[in-house]
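What follows is one structure encoded as structure tokens, with my remarks underneath.
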Amino acid sequence: MMWMLLVVFLLIGIVMLVVYKYDDSLFSKATSYSIFEVLNNSRVRSLYKLTEELKATKEKYDILFDVQLLPNEKPVDAIIMHSSGIYIVNIEQKKGWIAGREQDVEWSQLLYKDRKKSFPNPIHLAQRNIYKLRDLLPTIQEEAFKAIVIFTNECSFQKIELNSDKVDVFKTKDLKGWIAQFGGHEAQLSSENVQAAYDVLNDSNNTQQLTKQLA
């Protein structure tokens with residue numbers, strides 16, 4: 001009986017430690033998401049992983065969460081500001097096989113028993129947000145803006161066709177490899193540009209923020 005109590009106390013201690021570490025994390029402080037949402041919601045978990053992978057780099061960057069740029073549209077999940085560009089990041093929580101081309105109006109989702117659904121091309125939403133960003137940040141060149149669509153790991157890609165080098169589509173499991181390329185990209189923005197972009201977007205309504213500046 002004693003060893004069972006010890007195991008229970010040990011498990012409680014581990015859970016309390018995990019919760020404490022999460023509550024003390026930059027992601028927790030920057031958003032309203034609880035650890036239970038991170039564990040149970042793959043979209044939130046992808047955002048958390050994005051934050052953790054960025055934190056592991058030695059790059060200087062700023063990041064904002066849940067930025068409402070367009071009325072009647074879903075907020076941008078995250079905007080990353082880095083010397084290599086400004087990245088509009090949206091998370092797609094889908095299951096099944098995903099297929100689509102950059103220019104298509106809709107993409108397809110093939111589900112169990114050959115059930116097929118269509119959904120709006122997520123790249124187009126990101127591009128609409130980029131147009132708005134360009135209005136807000138007129139001094140930043142067009143080439144600096146990039147659209148990033150991250151699908152959660154519950155889905156598989158049947159066929160994704162991209163034409164532009166300013167667009168990227170991948171799954172949550174590929175985040176580490178994508179972020180590892182940051183340091184190898186040609187600088188598009190000065191530190192002043194990055195700070196100016198952050199200041200403008202940080203003043204937007206309904207914005208949750210997380211900043212990381214490394215010396």
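The values are calculated or read from the model by the stated rules, or taken from the named source; none is laboratory data. The structure presented is a predicted model; accordingly, all values stated were derived computationally and were not measured. Using ideal geometry, Cβ is built from the backbone for each residue, glycine included, and neighbour counts are taken over all protein chains shown.
Quick check, is V169 surrounded by 13 or more Cβ atoms within 10 Å (Cβ to Cβ) and not in a helix (DSSP H, G or I)? It is true that V169 is surrounded by 13 or more Cβ atoms within 10 Å (Cβ to Cβ) and not in a helix (DSSP H, G or I). Taken over the range 99-141, residues that are under 16 Å from L69 (Cβ atoms) and either in contact with an Asp or Glu (Cβ under 8 Å, 6 or more places away or on another chain) or in a loop (DSSP other than H, G, I, E, B) (or both) amount to 9. Looking across the range 100-131, the residues that are out of contact with any helix residue (DSSP H, G or I) (no Cβ under 8 Å at 6 or more places or on another chain), hydrophobic (A, V, I, L, M, F, W, C) and surrounded by 16 or more Cβ atoms within 10 Å (Cβ to Cβ) come down to L110, I123, L125, A126, I130. Only residues that are surrounded by fewer than 16 Cβ atoms within 10 Å (Cβ to Cβ) and in a strand (DSSP E or B) were counted in the range 142-154, giving 0.
Could you look through the range 157-215, keep only residues that are at pLDDT below 90 and β-branched (V, I, T), and pick out the one that is nearest to D77 (Cα to Cα)? Only one residue fits best here, namely T207. Number of residues in the range 25-58 that are among the aromatic types (F, W, Y), touching a residue at least 12 places away in the same chain (Cβ under 8 Å) and either surrounded by fewer than 19 Cβ atoms within 10 Å (Cβ to Cβ) or farther than 24 Å from S83 by Cα (or both) equals 1.
Applying the criterion of being β-branched (V, I, T) and more than 25 Å from W97 (Cα to Cα) to the residues of the range 136-154, the residue that is farthest from the chain's Cα centre (by Cα) is T139. When each of L54, L17, L69 is tested for being assigned to a helix (DSSP H, G or I), modelled with pLDDT of 85 or more and not small (G, A, S), the lone residue that passes is L54.
Each residue in the range 113-132 was checked for being under 21 Å from N163 (Cβ atoms) and either touching a Pro at 6+ places or on another chain (Cβ under 6 Å) or touching a residue at least 60 places away in the same chain (Cβ under 8 Å) (or both), and 1 pass.
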